[in-house]
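The values are calculated or read from the model by the stated rules, or taken from the named source; none is laboratory data. Note that the structure is a prediction, hence the values are computed from the model and not measured. Cβ coordinates were reconstructed from backbone atoms using ideal geometry, including for glycine residues, and neighbour counts include every protein chain displayed. These accessible areas exclude ligands, DNA and RNA; they are computed on the full protein's heavy atoms, side chains included. Shrake-Rupley method; radii C 1.70, N 1.55, O 1.52, S 1.80 Å.
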Amino acid sequence: TVKRTDFGKSGQDRPLPLLILSDPPVSSPEAAVKAGKPVALVFANIHAGEVDGKEAVLALARDLATAKSDLLKKLTILIV
């Protein structure tokens, strides 16, 4: 399951988006830690002009969310 939330604001007061991929679903990074599964943080698009990372993590999120795999039962993935 994929949950979209924000994890804070930028220096320009813009929301910083966060995707949480987990099965069963969790609604926050804190809830992910309480679930007792390992949590992996994937960070992309550190510099505004570098779009490859952003596109790659969105493709990764899509593939994980639609895969017939147990990975998200064993691991929670946070994508920034």
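Remark: the chain carries 68 Å² of accessible area per residue (probe radius 1.4 Å; ligands, DNA and RNA excluded).
The listed peptides 7-19, 29-41, ordered by packing as a protection proxy, come out as 29-41, 7-19 (highest mean of other Cβ atoms within 10 Å first). Think of the chain as having a plus end and a minus end, set by charges on the Cβ of Lys, Arg, Asp and Glu; of Val51, Pro38, Thr5, Pro38 sits farthest toward the positive end of this dipole. Rounded to the nearest 10 degrees, the angle from helix 51-66 to the longest Cα principal axis of the chain is 20 degrees. Database remark: amide H of Val42 closer than 5 angstrom to the amide H of Leu78, Ile79, Val80 (H placed geometrically; neighbours at sequence offset of 5 or more, or on other chains; Pro and chain starts carry no H). Computed over protein heavy atoms with a 1.4 Å probe, the carbon and sulfur contribution to the accessible area of the chain reaches 58%. Over the chain, dividing the summed -39,500 (n - 2.57) contributions of all DSSP H runs of at least 4 residues by the number of residues returns a 222 nm mean residue ellipticity of -9000 deg cm²/dmol. Going by the alpha-carbon gyration tensor, a ≥ b ≥ c the square roots of its eigenvalues, is the chain rounded (a/c under 1.5) or, if a/c is not under 1.5, prolate (a/b greater than b/c) versus oblate? Taking the square roots of the gyration eigenvalues as a ≥ b ≥ c, the chain is oblate.
The value of relative contact order for the chain, using C-alpha pairs under 8 Å at least six residues apart, is 38 percent.
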